[in-house]
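See structure below.
The values are calculated or read from the model by the stated rules, or taken from the named source; none is laboratory data. Everything numeric in this text was worked out from a predicted model, so none of it was measured. Note that each Cβ is placed from the backbone with ideal geometry, even for glycine, and that neighbours are counted across all protein chains shown.
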């Protein structure tokens, strides 16, 4: 009894002294990190190293890919996402596909998605999914994927338009829809997300040249600003190609360690040692991004300037 | 525009007015198509060579596809409808009802019902002819890549296995194939090209040796 009381006291002391709590600004400080707690009024929010400006009225979102494994690591990454969501209240999450690996029974939807991100869902964070090669087309009807029954769709937030494409089946009907939508789009930011990366330094898959051949002319002509993809189980920021920014964020549930080809001419920055997700904030003509690993380390960050291209 | 031409008509010859009208019409057409022609340009560039006989073959294939769609839409209408915010249980219930209804309605389906020998021959010839050796190599890499060892039954009217991934359909290859209604999709399994129903994932038909 006395030993139990002592143990309880030790735990309580540790908790209140902050030793047992997770505080990334103390344990894993980012080079350019800013303590979010200094900017956000609620004191209960955990402090994480944040490089994003947290401006009022900005568009805030997260990016994950290749998540649906129900693995312990997927959950650990989701826990880090939740900590960042509390410090940087992103409103929605873009999913790069492979949302559910393997079978897709109701139990799988729960284990591989809902249970993992339940706390984010409780915080009213919306997920917008695209389909990967492991996804059944009927995922488009799932309530939490917000696809409105469509394999490809568009939505807007603030001054940004987001296009979810189905890169697994880029037929003429989809390309026509995409071009029609782009042609009338007056948004400041046009951001496309889908599964297969047009540019990649991955050893397993690499650049999807067939896809690139048909979508890149549309990106260039209609001034698409940013392209986000998954499929490769790592993070990569590609050097801008024909004026378009490309990212790969496909390590949300699986990791292909060491798969990024060293000295690839495409790579601006890459991270293939652990799983990761991205957070982003659009402030007028700037898009700020930060990439965070499963251990809470900031592995990349920066600011993209709007290219201001017109169709 | 009519008023402008009417005004011009008083000072210019009818030929000059007609020529001006044609020029303006051309300018308008060019401007409009200039806004919308990237996909058309790509599609034109990827358009395979189609002989008059091939056109007839594709037309007959299209008629068979439409016939299939008529049957499946009739079955689909009787299955539970999926809302855009369905639960996994609702998705599963709708799939199960649709699959069993569709399988029953096509109990006598045979390989080659849709991929008859003429269209299969056309597709094989087109894919062999239309790509450079480099493109063929790249396309094969995509098509033959597999991430799981789950076997897919080569059986018409059987479900594509739920846990098995779908091989990406290379975009340039899709543009070479005869277009499908949205209710159907082409899918590769090894060297075999399948027709899958989009909502039920039933194997509607398949053809062997369909690789470029």
**Asked** Does residue B:102 meet the test of being crowded, with 17+ Cβ neighbours inside 10 Å, touching a residue at least 40 places away in the same chain (Cβ under 8 Å) and either more than 26 Å from residue A:205 (Cβ to Cβ) or not assigned by TED's automatic domain parsing to the domain that holds residue B:188 (or both)?
**Response** yes
**Asked** If we scan region B:144-167, do we find a residue that is in contact (Cβ under 8 Å) with a residue 60 or more places away in the chain, crowded, with 20+ Cβ neighbours inside 10 Å and in the same structural domain as residue B:186 (by TED's automatic domain parsing)?
**Response** no
**Request:** Kindly establish whether residue B:76 is within 14 Å of chain A (Cβ to nearest Cβ) and under 30 Å from residue A:148 (Cα atoms).
**Result:** yes
**Message:** I'm told residue B:80 meets every condition in (1) surrounded by 11 or more Cβ atoms within 10 Å (Cβ to Cβ); (2) assigned to a helix (DSSP H, G or I) except one. Can you identify the failing condition by its number?
**Reply:** (2)
**Asked** Across region B:125-135, which residue is farthest from the other protein chains (Cβ to nearest Cβ) among those that are surrounded by 16 or more Cβ atoms within 10 Å (Cβ to Cβ) and in a helix (DSSP H, G or I)?
**Response** B:126
**Prompt:** Going through region B:184-212 one residue at a time, which ones are touching a strand residue (DSSP E or B) at 6+ places or on another chain (Cβ under 7 Å), assigned to a loop (DSSP other than H, G, I, E, B) and within 11 Å of chain A (Cβ to nearest Cβ)?
**Reply:** B:198, B:201
**Prompt:** Pick from region A:191-214 the residues that are within 9 Å of chain B (Cβ to nearest Cβ) and in contact with a strand residue (DSSP E or B) (Cβ under 8 Å, 6 or more places away or on another chain): which of them is nearest to residue B:137 (Cα to Cα)?
**Reply:** A:196
**Residue list for region A:62-73, restricted to those being over 18 Å from residue A:131 (Cβ atoms) and surrounded by fewer than 23 Cβ atoms within 10 Å (Cβ to Cβ)** = A:70, A:71, A:72, A:73
**Single condition residue A:172 does not satisfy, out of (1) without any contact (Cβ under 8 Å) to a residue 40 or more places away in the chain; (2) more than 8 Å from every other protein chain (Cβ to nearest Cβ); (3) more than 15 Å from the chain's Cα centre (by Cα)** = (2)
**Item:** Subset of region B:180-194 [buried (at least 17 other Cβ atoms within 10 Å of the Cβ) and under 9 Å from the mean Cα position of the chain (by Cα)]
**Value:** B:180, B:184, B:185, B:186
